[in-house]
Amino acid sequence: MAEPSAATQSPSVSSSSSGAEPAAPGGGSPGACPALGAKSCGSSCAVHDLIFWRDVKKTGFVFGTTLIMLLSLAAFSVISVVSYLILALLSVTISFRVYKSVIQAVQKSEEGHPFKAYLDVDITLSSEAFHNYVNAAMVHINRALKLIIRLFLVEDLVDSLKLAVFMWLMTYVGAVFNGITLLILAELLIFSVPIVYEKYKDTSKTPWNRKKKGRISTWEPEMQQLLKHHLIVITLLLVL
């Protein structure tokens, strides 16, 4: 009689032991890209880590460079900005090349060209890679063309009316901001709001914990006020 009971207990034991082995599919470190596995974490994870300041140096470089570019385009023409950038890059490379040449002449060393490692890098684009990029771009271009034709030829009246209302609202936005100002505002929001939200949000008030504790608010009052002041300050700075 003891043998059937042991046999009936063994599946539960094996299931419990085997159930502890697999990890949760969405689990991981807090800094990992959410809802993405290790294999599918590509460009989306890179963008996620960039806007959440996982690597401060990398994000600071991207944020500072793009912000300086946008501010320069707001103050100068595109030709002037491109010319100044090329002159700045050439001044750095030429100065470094002359400096290394003088050091080699003084020390009588034969280190060679300082940029030799970069000059030897193969940057040629193969025809296969070029066709892959073109095919990927054509998919998006064809999709955009179909959407434009569908909206302007009024295939769906509601969608065309939505586009008309949106464009009408954009006329008021364009009267206050120009395109560069909107891009600057968008960049400031992209690189500031996510990290502020992640820093000050209350994890105990998330929807899954709210159901257990019967709480209504999902945001801390401090978080709401902080984001409100944050948006007001950025908007006033760009308007003034």
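The values are calculated or read from the model by the stated rules, or taken from the named source; none is laboratory data. Bear in mind the structure is a predicted one, so any value in this text is a computation, not a measurement. Every residue, glycine among them, receives a Cβ derived from its backbone with ideal geometry; neighbour counts consider all protein chains shown. When the accessible area is computed, the model is the full protein with side chains, heavy atoms only, and any ligands, DNA or RNA have been set aside. Shrake-Rupley method; radii C 1.70, N 1.55, O 1.52, S 1.80 Å.
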On the given criteria, is Thr124 closer than 30 Å to Ile94 by Cβ and either within 27 Å of the chain's Cα centre (by Cα) or polar (S, T, N, Q) (or both)? yes
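Within the stretch 74-89, is there a residue that is touching a residue at least 40 places away in the same chain (Cβ under 8 Å), surrounded by 10 or more Cβ atoms within 10 Å (Cβ to Cβ) and assigned to a helix (DSSP H, G or I)?
Yes: one or more hits.
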Inside the stretch 103-120, the number of residues satisfying the requirement of being surrounded by 10 or more Cβ atoms within 10 Å (Cβ to Cβ), of a type in the set (A, V, I, L, M, F, W, C) and in a helix (DSSP H, G or I) is 1
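Quick grid of which residues meet (1) assigned to a helix (DSSP H, G or I); (2) touching a Phe, Trp or Tyr at 6+ places or on another chain (Cβ under 6 Å); (3) open to solvent by less than 60 Å² (accessible area, probe 1.4 Å):
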{"position": "Leu151", "(1), (2), (3)": "yes, no, yes"}
{"position": "Val154", "(1), (2), (3)": "no, no, no"}
{"position": "Ser160", "(1), (2), (3)": "yes, no, yes"}
{"position": "Leu163", "(1), (2), (3)": "yes, no, yes"}
{"position": "Phe166", "(1), (2), (3)": "yes, no, no"}
{"position": "Thr171", "(1), (2), (3)": "yes, no, no"}
{"position": "Ala175", "(1), (2), (3)": "yes, no, no"}
{"position": "Thr181", "(1), (2), (3)": "yes, no, yes"}
{"position": "Glu187", "(1), (2), (3)": "yes, no, yes"}
